[in-house]
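First comes the structure, then the notes that go with it.
The values are calculated or read from the model by the stated rules, or taken from the named source; none is laboratory data. Keep in mind it's a predicted model, so treat the numbers as computed, not measured. Counting neighbours? That spans all protein chains shown, and the Cβs are built from the backbone with ideal geometry, glycine included. Only protein heavy atoms, including side chains, enter the accessible area calculation; ligands, DNA and RNA are left aside. Shrake-Rupley method; radii C 1.70, N 1.55, O 1.52, S 1.80 Å.
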Amino acid sequence: MPMKARVSTFGLLAGTALAITTIVGLFVVPADAAQGDVQRIMYVHVPSAWLAYLAFLVTFVSSVLYLWRRELRFDRLAIAAAEIGLVLTGITIVTGAIWGKATWGKWWDWDPRLTTTAILFVVYAGYLLVRQSLGDRYRRARLAAVYGIVAFVNVPIVHFSVLWWRGLHQAPTVIRPGDPSIDHTLLFELLASLLSFTLVFIWALRRRTALEAGRDAADLTLGPGT
Amino acid sequence: MTELPFVAASYLIVIGGLAAYITSIARREAVVRRTAQAIGRERHHDPGVVSRDNAATDDDEAAEADR
């Protein structure tokens, strides 16, 4: 069985990196000139959103690979990434609501970015529900793969919503034409935070995929070659 | 500093959310491990697996087929 109960070295590394970037983001980097300390929310809000995109991209690619190769290892990767992406999207929405309350004076607005992110959350919650409602392992994997491909259409819509429609949410500050419109010290902390979130994501993805492999191994209804 | 509760709440939600999720993975891993162990025990005590002393010989099977 590929699962391990103990915390791996990689897990410790990821946790330590996250702890360091959290401390630096809270206490070391200077406050933003315009927003003050509340801008520190960016160091957790933005990496959560970017990693959620990455997670759903992993689900998309794994789903394509499953339909092509019909190997359950791709399905395991797809469900693992989708679940982590959903958790990160939830974190993005909640931290965004807190940031919105501090800067806009309200928790929620039917702004294009917020609305499309909420739709993204519901769509991937649906992905997990669809999986749970299907009993046959191979049918579940096949339908989930189709769902995982179609659902990914939402991700570019969420990302470009701030450019396509007017709203409260600010336009991109890092991934945009020309130089990033952010101070270099703050940008460095943002990228360091992104790196630590990526390590946690990889660790969680490996562990969650191993959990799914353990479930499949315990499932006697599966045939060989899975 | 009026923004401090907002910043603190955000960081607590991120750390708490990730911790809760990783705990949920660990809990599910424990369930799978117990299930795998139970399956292993069942296989060990499977009545279909018999010792050589009790196993039917080729002669027994031939006699059964003749009957």
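Okay, here's what the table says:
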quantity: Residue (of B:A38, A:A192, A:F27) at the positive-pole extreme of the protein assembly as shown, dipole from beta-carbon charges; calculated: A:F27
quantity: Sulfur and carbon atoms: percent of accessible area, the range A:16-111 [1.4 Å]; calculated: 70 percent
quantity: Accessible area of chain A divided out per residue, in Å², using a probe of 1.4 angstrom; calculated: 49 Å²
quantity: Excluding exposed DSSP-loop trypsin sites (Lys or Arg not before Pro) (at most 10 other C-beta within 10 Å), longest clean stretch of chain A; calculated: A:7-105
quantity: GNM top mover of A:H184, A:H159, A:H169 - chain A, alpha-carbon springs below 10 Å; calculated: A:H184
quantity: Dipole axis of the range A:66-173 (+1 Lys, Arg; -1 Asp, Glu on Cβ), positive-most option in A:T89, A:A125, A:T173; calculated: A:A125
quantity: Coil-residue chymotrypsin sites (Phe, Trp or Tyr not before Pro) of the range A:32-131, DSSP, other Cβ within 10 Å capped at 15; calculated: A:W104, A:W107, A:W108, A:W110
quantity: At least 27 Å along the helix axis (C-alpha) and Kyte average at least 1.0, DSSP helices within chain A; calculated: A:42-69, A:72-103
quantity: A:V64 accessible area, 1.4 Å probe, all protein chains in place, Å² to nearest 10; calculated: 60 Å²
quantity: For chain A, calculated [θ]222 nm from helices alone, where every DSSP H run of n ≥ 4 adds -39500 (n - 2.57); calculated: -24500 deg cm²/dmol
quantity: Directionally averaged shadow of chain A, computed from the convex hull of its alpha-carbon atoms, nm²; calculated: 13.8 nm²
